[in-house]
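The values are calculated or read from the model by the stated rules, or taken from the named source; none is laboratory data. The shown structure was predicted, so the numbers you read here are calculated from the model rather than taken from an experiment. Note that each Cβ is placed from the backbone with ideal geometry, even for glycine, and that neighbours are counted across all protein chains shown. Accessible surface is based on the protein model in full, side chains and every heavy atom, while ligands, DNA and RNA are left aside. Shrake-Rupley method; radii C 1.70, N 1.55, O 1.52, S 1.80 Å.
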Amino acid sequence: MKYALDTAHEQIQNILESATGSSSFEMKTPPPNVEADIAVPMFRLAKEKKENPVALAQRLAGEISLEGTLLCDATVTGGFLNFKLATGPFLDRVFADFSARGESFGGSEQGDGKTIVVDFSSPNIAKPFSVGHLRSTVIGHSIVKIYRFLGYTVVGDNHIGDWGTQFGKLMLAFELWGDRETVAANPIRELLDLYVRYHDEAESDPALDEQARSWFRRLEEGDPKARETWRWFREVSWEEFDRIYRLLGVEFEEVLGESFYNDQLDQVVEQAFQSGLAEWGEIEARGGKEGEGEDSPEAMEKVALIHLRDHGIETPLLIQKSDGTSLYATRDLATIRHRIETWAPEAIIYVVGGEQKLYFQQVFKAAELLGLEANCVHVPFGLIRLPKGKMSTRKGRVIFLEDVLEEAVRRAEAVLEERDLSDEEKTEIARIVGIGAVKYADLSQTRTKDVLFDWEKMLNMQGDSAPYLQYAYVRIQSILRKAAGMPRGQAVSSPRSLGHPQELTLVKTLAGFPGTVRAAATGYTPHVIAGYLISLARDFSSFYNQVPVLKAETPELAATRLELCRRTAQVLEKGLDLLGIECPERM
Ligand code: ARG
C-alpha cells in the first residue's frame, strides 16, 4: 500500500514526466523560509534541455495541472519547482491511511517473501558482556525490528564467541588453579580471573602455551573431558548473558554461536585448498578481531591462509593453524555457508564494532572467492565511553554491564521519586525508563560516532531522551483517559475540520513516519527514527499548547483532535518499539 506522501511524490513524478519527457525527479524538503512542502530541483533537466533552470521551473509551474492530486500551488524559488500539499485531500488521505493500516501504520510489505539475517550481540563466553556488545545488541535489535516492520522475515542470530584457542587456555587454567564451586558462584568474574592469571603465568612459563594448545586441540577433536568442561563454561556464562537479555528485553531467533560450525570447518579449509585459494605460508599476520592476538600465530608459524592482495586487501586471511585448529575466520566462513543454505537470505547484516572493519572485508572477499554468494554487510559502530568514578571500580578494573544497567534503573527511580505512583508501579516504570534511556542514548547517535554516557542527558525529561518521548506518550494517554470519561455524543472525526497551522504540521509529521522507517532500514540507521520521534513529540506539544482538544469548539472537532492525539501516541509507541524501547502507561 502506498502512503499519502508516496502518492504525492508519485503524482509529481508523473506530472513532470508527461510535461518534460524526462523521468526520476528528486524530491526534497524545502528550507523553512520557503512556503511549500516538496521542492524539486530543476538543474539536471535544465542542463539537458540547455535551458535556464529558473525559466524552466517557471514554464512548468504555468503549464502543469494539479487537479485531482494531493498537491496545489506550484511555485518557483531559484531553480526549484515547489509544491504544497492540498490541505483537504491530504488530510482525508492521511486519516484514511491510518484507518486502513491500523496499528501497522508506517510498516509495509516490501520485504514479503524475503529473509534477512542479522548477526548481532555476539558476546564471548567466559568474558564479561562488554559495553561494545551492548551497542551491538541495542542497534542489532532495532535493525531486526525495523526490517520486520517492513515485511521481511528476519533471523536474528547471536553469534556467541564460544570457540577458539582461548578456551584451551581457560581449560588449562581451570585445571591448574580453578575450583568448580568458586566458578559456579560467580562464573564470569572467576573465569576472567583465571584467564588473566594464565597470561601472567605464561609470561614466565612459556611451556603453558603448548599445553593450552593441546587442550584446544582436544576440544576440537571432541575429547569428552574437554567438551564437558567447555559445555559447563558455556552454560554458566549463558546464565549471566540471559539475565542481561531479559533486562534489555532482547530475544534471538537463533543462538548458534561459533561452536555450532565445529564439524564444518575442515570442509571450508579443504574447499579453500581445492579451489587453489588457500596456501600454506609462514607469515605473521592476524585477523581483525580484538583480542585476536590470542588467535594469531607466534611469529613465523606455519599457517593456512588466503591471499587477498589481488583484491586490494594486503593482509591475508588465516584459516587454519599448523596443528589443524581453526580460527575465528574459519568459523565465519562456515557460518556464511550455513546461512546461505538455510535461509537463502537477501542480506546478512553484521552488527559489529568498527575495529573489525578490515576483518570483515577479508572474510566477505574470501567468501566471495569461495563461491559463497551472499550480500554481506558490515554495520559498524563507534565506542561507548563510560563515565569515570565509582562504577568502574566496584567489581575491579572491568566494567560489568549489569552494573551500568542497574545504575540506570536506580537513577530512573530517583527521577520518578516525586510521582504519585505505588512502589510496585515505580519499580516497573523505573526499569522501562532506565533501560529505555540507555538504549535511546545509544540509538539516537549517528551509529559510527562514539557514544558518551551522560546520565543527566540520558534521563532529562525535557531533552533529547527516551523519558521525554515516553512522557509525551503517557501525557497523551492521560488526555485520552480524560476524554473517555466525558459525554461526547456520537461525534465522529472529520479530517477536513482541522485547519490550525499546528494541526497541519502535526499531520504532516505523522505522514512522514513511513518514509522515516524506510530510510532507517536502508541506511541501518535507527537514529533517523529517534530524531523523527523528537520532532513528533515537539510538534505534538505545540499543537496541544495552542489548540484546545477537550474543550474544542464543537464535538466533531473534539473527536477529530482526539484522533490526532491517539494517532500521535500510536506512532510514538511504534517508533519507540522499533528502537526496542517500551512505553509505560503512566509515569
Ligand atoms: N564475538 C565477537 C567479538 O566479541 C563478535 C562476533 C561478531 N560476529 C561474527 N560473525 N563474527 O568480537
The number of residues in the stretch 79-117 that are over 30 Å from T560 (Cβ atoms), open to solvent by 10 Å² or more (accessible area, probe 1.4 Å), in a strand (DSSP E or B) and out of contact with any Phe, Trp or Tyr (no Cβ under 8 Å at 6 or more places or on another chain) is 1
So, F105, is that one more than 28 Å from L70 (Cα to Cα) and of a type outside the set (G, A, S) or not? no
Which of the residues belonging to the stretch 558-587 are more than 29 Å from the chain's Cα centre (by Cα) and open to solvent by 20 Å² or more (accessible area, probe 1.4 Å)? E563
Of the residues in the stretch 514-533, those that are in a loop (DSSP other than H, G, I, E, B) and open to solvent by 20 Å² or more (accessible area, probe 1.4 Å) come to Y524, T525
Selection from the stretch 314-340 of residues that are basic (K, R) and within 13 Å of the ligand (Cβ to nearest atom): R331, R337, R339
Out of curiosity, is S130 under 30 Å from D162 (Cα atoms), modelled with pLDDT of 95 or more, of a type outside the set (F, W, Y) and within 16 Å of the ligand (Cβ to nearest atom)? no
Give the number of residues within the stretch 201-217 that are open to solvent by 20 Å² or more (accessible area, probe 1.4 Å) and under 38 Å from the mean Cα position of the chain (by Cα). 2
Being out of contact with any Ser or Thr (no Cβ under 9 Å at 6 or more places or on another chain) and within 13 Å of the ligand (Cβ to nearest atom) narrows Q362, Q356 down to just Q356
All positions within the stretch 534-557 that are in contact with a helix residue (DSSP H, G or I) (Cβ under 7 Å, 6 or more places away or on another chain), in contact (Cβ under 8 Å) with a residue 60 or more places away in the chain, open to solvent by 10 Å² or more (accessible area, probe 1.4 Å) and outside any helix (DSSP H, G or I): L550
Select from the stretch 17-69 the residues that are small (G, A, S) and under 19 Å from G512 (Cα atoms) and write down the one among them that is farthest from the chain's Cα centre (by Cα). A36
Can you tell me how many residues in the stretch 1-19 are assigned to a helix (DSSP H, G or I) and over 9 Å from R93 (Cβ atoms)? 13
Can I160 be described as farther than 24 Å from F453 by Cα, modelled with pLDDT under 95 and within 12 Å of the ligand (Cβ to nearest atom)? no
Could you say whether any residue in the stretch 140-161 is open to solvent by less than 20 Å² (accessible area, probe 1.4 Å) and over 20 Å from the mean Cα position of the chain (by Cα)? yes
Top-ranked residue in the stretch 341-352 [being more than 10 Å from the ligand (Cβ to nearest atom) and in contact (Cβ under 8 Å) with a residue 40 or more places away in the chain; ranked as surrounded by the fewest Cβ atoms within 10 Å (Cβ to Cβ)]: A344
From the list V255, V236, V250, V196, which one is buried (at least 17 other Cβ atoms within 10 Å of the Cβ) and without any contact (Cβ under 8 Å) to a residue 60 or more places away in the chain? V236
When you check E503 against the structure, is it part of a helix (DSSP H, G or I) and buried (at least 19 other Cβ atoms within 10 Å of the Cβ), yes or no? yes
